[in-house]
Every structure is written in structure tokens, then in C-alpha cells.
Amino acid sequence: MPYGDGVHGEPVEGVGAGRVAFGVLGPVTARSDEGPLALKGPRHRAVLARLIVARRRVVPVSRLVDDLWADPPSGAVGALQTFVAALRRVLEPDRPPRTPARLLVTEGPGYALRAEPDAVDAWRFEAAVATAAALPAPDALSRLDEALDLWRGPAYAEFAQEDWSRGERSRLTELRLQAVERRAETRLALGRPADAVPDLDAHVSDHPWREDAWRLLALALYRQGRQGDALGVLRRARTVLVKQLGTDPGPRLRRLESDILAQDPGLDPLAEPVTAAARLWTTATAAYDRTVAAGARARLESTVGLIRDLAVTGGGGLRAARDHRLGAISAAEEFGDPELTARVIGAYDVPAIWTRSDDPELARQVVEAAERTLAALPGGGAQDAARCRLLATIALEMRGTHARRGPQAAREAVETARDLDDPALLAFALNGQFMQSFTRAGLAGRRDGIGAELIALSARHGLVTYEVLGRLIRLQARSSLGDFAAADAHAAAADRLAERHELPLVTVFTEWYGALRSAASGDRRRAEAAYRAAAVRLDGSGMPGLERGLLPLALLCLRLAQRAPSASASAGVDAVEPEVDLTEDWGPYRPWVEPLALLSSGRRAEARAALRALPEPPRDLLYEAVCCLEARAAAALGDRAALSRAHARLAPAAGELAGAGSGLLTLGPVDLWLAHPQAAHR
């Protein structure tokens, strides 16, 4: 039965016993087959609206009273009963006296409105939008038109300020905005961009934060042959987003702008064949949207799984995953359910190979959330797996720090995972153990064992991403031990897995390893070219914790590899330091580079002060490398205390290649850096 505008015709008091339909997409209305029904005063409409929000569920009398009055009067319950009785007379005028109501019923502690599923315009709207998602484009367009025509104004318009309506109003409003955008997308799919432009133009004016609406408008203009207008829309979107939200356009808008400038053939729908995989994705996601409520816990957990998968797809995906991760944790904590929060935090078991955090502030907040959740989890063995995942998360996120909590969490996670005999959980915990295996130099053998266990475990249980992790760990460890034949084999195996399973970030590490191989062989020219090529690959990878300062550090280490203090001392070249340009971005390595830079410019007093101000080296894959930089500066300055300190840190790595445990760079044999005569005399 179609809706009118809710105002035509006089309201009918007590009309026939026909079916009653309700409207909340605008002012709250009720209507029978004979016309609009008179709902009397605002309290009557408020009771009706509140029951519709409950979606056929019972609302206790006490809750209704609290929702209807900010400060309930002493007779509030009696007044509520009067409103209900009046509503019943209007909604069921022909009901015999003393017979139970069949529409606005009393049940248990309260009342419920047992309206049919298609008797409320909001419910019909939702059903129409959900149905449209599974229909062919022409039918979908008709269904979306029908759904959007149901709106007569803002949902629950007269109760916009009420707390009880806020969540439902927000949900319906968001669904309507999505429906407008989906209708525009359907028009584009049908080759009707001109029909889409007017609605989209109004839509972005009313809702300028909707990036997808800007994208669709620009695309519609482009498909009309209006390239200049399309680019103008994207510029306008950028201005609005920066000024109103303080944020730059997202990746889809940026990509569209690039594609338009390049006149990418992919912007032409006729040049975009739809694959079976694409159809499956569209159908499955539409079905999920239809069947799983927007605020459902299952949707949140599915979202976290998607974020996890996004993190291994490449630079943009990794950045996007970081952007959304904390939001998912915050959303989980809002439910007040520590078991759900533990699953959401622990579901982000993305294998990690680099020991410096890409986002230290995010890592800190994740650790805090994990600790809160650990404290709130109920006791008992049923939660051991959840606790294990939280502990492994803490170990991973505290990588590169000097905090004692990280190693402790790693040990507990591995012990628990072994007790539970859960292969995937053990792989996650071993990743945490690897991240906390940098308490001192010389632990390459221990890490090699972790990598070997990960490879064997993953091969048995099909844990592909963790097998790749194990290969990269062993690549690093065998490089540190000078076993490049084994490291080569692990690099090749990692590349094969990456190609087969679409893991593009793996080649970033194997390409840098190739540069290390050239450096270790003594071919400086080839190594420098390889490092510069690898740095291009690293740019945009989404790993700032790895990227910042790495290229200049690698090139400096390449120059210093033949300048270990013992070798340079015997050659009489202590005073000749490689030129170091501090205007380059040295990232986190700047403190260890600064004394050498000052030395190269003859500022020995400042170099000595910078050397003495050095912090404790971070516990990460470049621990030995920065210790060598400290030793180089200490030897050149004749600072025996600093040199002895650096040597004491390096001593456990005797027999290894300094820095090669990173799989990225090296400064040559550690033994050369330990042989300087000044280190033995304090």
C-alpha cells in the first residue's frame, strides 16, 4: 500500500478494522485503509514511535517512563497507561470490550507493537535496499527508487533530540545515504551517467564528508565526456575535506584523480569485464550486508578479519589496516565484553619481520587495550587462548623497546600456546618471541631456531604467511652467521611463496637482501646501485619503521665496512672519516651518525659530546650496526670508555657479520670491530 505525504485528508477517529501501517521516515504517522489515523498529542506519538524503535520487542514500563519524561512525575505510570489505552482505541477501534489487544499488546513487564514486517515504512525501506543488492541492475534501480520514495523527511523527525531515537535515526540516515549512492552507482552501471549527476550534486552539497559520493559524481561527469568538470569536482572535494574535516582525500579519490588524468581505459565500463571472482565478491558482500545487522558483533569480528587480510596486500593496504585497527578495538570495548575485545585484538595476527614499530603511538595504545582486556577477562582455562593472543600481541607491539614486559609476555604466550597444542596460536606466539629476541647481540642462532620451528609448523598446517615469516627470519639469521648459501635458499623460497599467494611486501625484503649480498661480497659499486634500487621498492611500502633512514645508513655502512677500528688503526687512517651529510633523513639512526658527521667536518669537541650523549641502542635488528657506529666514533676520538662499552655490547656476536642479521646491510666481521687495542685498556 503506497504512502501519501501524511497530511492529505482529515485524520480519521476510530475507522474500520483494516490493517494499520506506520510511518516514521518523516513525522510519525499511522494509517488504515481508509486514511490517516488521529494520534492525538505528542506523548501518544512518542509512545508509538518508541515501540516501533523496539522492532516488535517488549519495552518495559519503567523504560518507557524514563524515555518519555526527563523528570517523571509521580503519576507517570498512570499517564502512560492512559496513552496506551488511547492508542489502542485508535489502532483497533472495532476490538470488542475486554478482549486482548492484538496490535499494541501488554506482555510481561511492558508493551510491544506487533506490527507486520511490511507495516512500517522504515522496515519496508530496509527490505527494499537489501533486496536491490541481489538484483540485476535494471530491477535494482527500480527497487532503490521505490525505497527512497518512502522518505518524507528525517527519520523520527519530531523526536530528533530524544536519546531513545538517536541510534535508530543514525542507522536509518546512514542507510539512506548509502541507498542514494548505490542508486547512482547502478545508474552508472546501466550507462546513464547524466541521470546520476543531479542527485549526486545535491548529495555532496548536503553531505560533503561522503567521499564515495564525490567519487561517483566525478566518475559520472567523466563518463559524460566532461573531464574538466570531473577534475574540478575532485579539487572541490579535496578543499572541502581539508577545510571541514582536516583530512586529505582517501586512496579511492586519489586513485580516481590519477586515472582521469591518465585517461585510464578502466574508467570505461565497457573495458571492464566482470570476472567470476568479482561477481562472487559482490554477491557475497551484498548478502552479508542484508543478513548481518550493522551493529552486530559478528560484523565487527568480520571487519577485523578483513583488516588483517588488508595488511598483507601491500603498502596502501598496510597503511589502511593501521588506520582502522584502533577503531576496531575501540568499537569492541564499547560492548563492555572483554572476551569480544580479546578476540578483536588477537585477530590481528599479521606476521611481522621488522623490529621497529611503524607507528609507536598506535602500538602503545594497542598494548594498553590488551593489558586492560587481560585484567578484565574471567578466570579459568576457557580463556587461555584469548589470553595467549593478547600476550603475543603485547610482545609484538613492544618490539624494539627496553621494557621488561615484552619478553615476559612472549615467554608466557609461547608456553600457553604449546600447552594448548594450537598451531596457528603457536605461530603467532613465536612471532612475539622473535620480536623479543634482541636483548643483546649474538642471538642469531636463537632466532634461527625460531625461524626453523615456524617453517616446520607452517608447512604441516598450511600457515603460508608464517612460513614466509620463518623463511625471512632464517634469511636474517643465516646472513648474520655468514651462511649465505642457506640465506639464498630461504630468500628464493620466500619469493616463490609470495608470488603464489600474492604477498607483495615479501619482495621488499628479498630485494634488500640481494643488495646485502653484493655488499658482503665486497662489490661496492654493485651494492650501492642495488641499495638505491631497493630503496625505490621500499618507498610507499607502508613501513615507515623500516623505511626512514635506511638508505643513507646502508650506504654509510657500505663505506665503513672496510674501516673497522682495528683495520683502520693498523692502516693509520683513524683520522680519515667518511663524509656524512646530516641534512639527509637519518630517521631513528641519527644519534649514532651524528658523532661521525661532526668528525668528518673537524668538530671533534662536538663529536665527543654527541658520542657521550648516545642513548642505549634499541633492541632490534640493527643493534650490532649502531654499536659499530659508536665504536667507529669512539676509536677516532680516542674515547676508551665509549669504545670498551661498544665492544662489550658487540662481544657476544663474535664470529658473526655486523648488521647482517637485519638481512639488509653489513659492516663486515664483528671480530674486526672487537680487535682495536684501545678497547683493552681503560
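The values are calculated or read from the model by the stated rules, or taken from the named source; none is laboratory data. Being a predicted model, the structure only gives us computed values, none of them experimental. Every residue, glycine as well, gets a Cβ built from its backbone with ideal geometry; the counts of neighbours run over all protein chains shown. Ligands, DNA and RNA are excluded from the accessible area calculation, which covers all protein heavy atoms including side chains. Shrake-Rupley method; radii C 1.70, N 1.55, O 1.52, S 1.80 Å.
With the checklist (1) under 35 Å from the mean Cα position of the chain (by Cα); (2) part of a helix (DSSP H, G or I) in hand, flag the one item PRO504 doesn't pass.
Checking PRO504 against (1) under 35 Å from the mean Cα position of the chain (by Cα); (2) part of a helix (DSSP H, G or I), the one that fails is (2).
Considering every residue within the range 68-75, establish whether at least one is in contact (Cβ under 8 Å) with a residue 40 or more places away in the chain and surrounded by fewer than 18 Cβ atoms within 10 Å (Cβ to Cβ).
So far as the range 68-75 goes, no, none of its residues is in contact (Cβ under 8 Å) with a residue 40 or more places away in the chain and surrounded by fewer than 18 Cβ atoms within 10 Å (Cβ to Cβ).
Considering the range 332-346 alone, what residues qualify as being of a type in the set (A, V, I, L, M) and surrounded by fewer than 20 Cβ atoms within 10 Å (Cβ to Cβ)?
Correct list: LEU340 only.
Can you name every residue in the range 388-430 that is of a type outside the set (A, V, I, L, M), touching a Leu at 6+ places or on another chain (Cβ under 6 Å) and touching a residue at least 40 places away in the same chain (Cβ under 8 Å)?
CYS388, PRO423
Go through (1) part of a helix (DSSP H, G or I); (2) modelled with pLDDT of 95 or more; (3) not hydrophobic (A, V, I, L, M, F, W, C) and name the single condition GLN678 misses.
(2)
Can you tell me which of ALA160, ALA194, ALA127, ALA137 is open to solvent by 40 Å² or more (accessible area, probe 1.4 Å) and modelled with pLDDT under 90?
ALA194
State which residue pairs qualify: first residue on the phi > 0 side of the Ramachandran plot and inside the range 151-165, second residue of a type in the set (A, V, I, L, M, F, W, C) and assigned to a helix (DSSP H, G or I) in any location, beta carbons under 7 Å apart, and separation of 6 or more residues or different chains.
Close Cβ pairs (under 7 Å, with a partner that is of a type in the set (A, V, I, L, M, F, W, C) and assigned to a helix (DSSP H, G or I)) amount to TYR156/ALA49.
Looking for whichever is under 22 Å from GLU547 (Cα atoms), assigned to a helix (DSSP H, G or I) and open to solvent by 30 Å² or more (accessible area, probe 1.4 Å) here; the options are ASP358, ASP323. Which one fits? If you could, list the steps in order and put the result at the bottom.
Numbers: ASP358 fails: assigned to a helix (DSSP H, G or I).
None of the others qualify; the one that does is ASP323.
Considering only residues of the range 93-132 that are under 45 Å from the mean Cα position of the chain (by Cα) and acidic (Asp, Glu), which is nearest to LEU177 (Cα to Cα)?
GLU126
Out of ALA403, ALA369, ALA385, report the one residue that is small (Gly, Ala, Ser) and either open to solvent by 50 Å² or more (accessible area, probe 1.4 Å) or within 20 Å of the chain's Cα centre (by Cα) (or both). Please lay out each step first, then the result.
On the way: ALA403 fails: either open to solvent by 50 Å² or more (accessible area, probe 1.4 Å) or within 20 Å of the chain's Cα centre (by Cα) (or both); ALA385 fails: either open to solvent by 50 Å² or more (accessible area, probe 1.4 Å) or within 20 Å of the chain's Cα centre (by Cα) (or both).
Answer to the check: ALA369.
Since TRP673 meets every condition but one in (1) under 18 Å from ALA554 (Cβ atoms); (2) modelled with pLDDT of 95 or more; (3) touching a helix residue (DSSP H, G or I) at 6+ places or on another chain (Cβ under 8 Å); (4) assigned to a helix (DSSP H, G or I), which condition does it not meet?
Only one criterion is unmet by TRP673, namely (2).
Name the helices (runs of 4 or more DSSP H) wholly inside the range 595-654 in which the number of residues that are open to solvent by 20 Å² or more (accessible area, probe 1.4 Å) and in contact with a helix residue (DSSP H, G or I) (Cβ under 7 Å, 6 or more places away or on another chain) is 2 or more.
So the answer is 604-612, 640-650.
Mind listing whichever residues of the range 225-251 are open to solvent by less than 70 Å² (accessible area, probe 1.4 Å) and within 19 Å of LEU188 (Cα to Cα)?
Passing the criteria: GLY225, GLN227, GLY228, ALA230, LEU231, VAL233, LEU234.
Is it the case, given these coordinates, that PRO208 is out of contact with any Gly (no Cβ under 7 Å at 6 or more places or on another chain), surrounded by 22 or more Cβ atoms within 10 Å (Cβ to Cβ) and under 26 Å from LEU150 (Cα atoms)? If you could, list the steps in order and put the result at the bottom.
Details: out of contact with any Gly (no Cβ under 7 Å at 6 or more places or on another chain): yes; surrounded by 22 or more Cβ atoms within 10 Å (Cβ to Cβ): no; under 26 Å from LEU150 (Cα atoms): yes.
In short, no.
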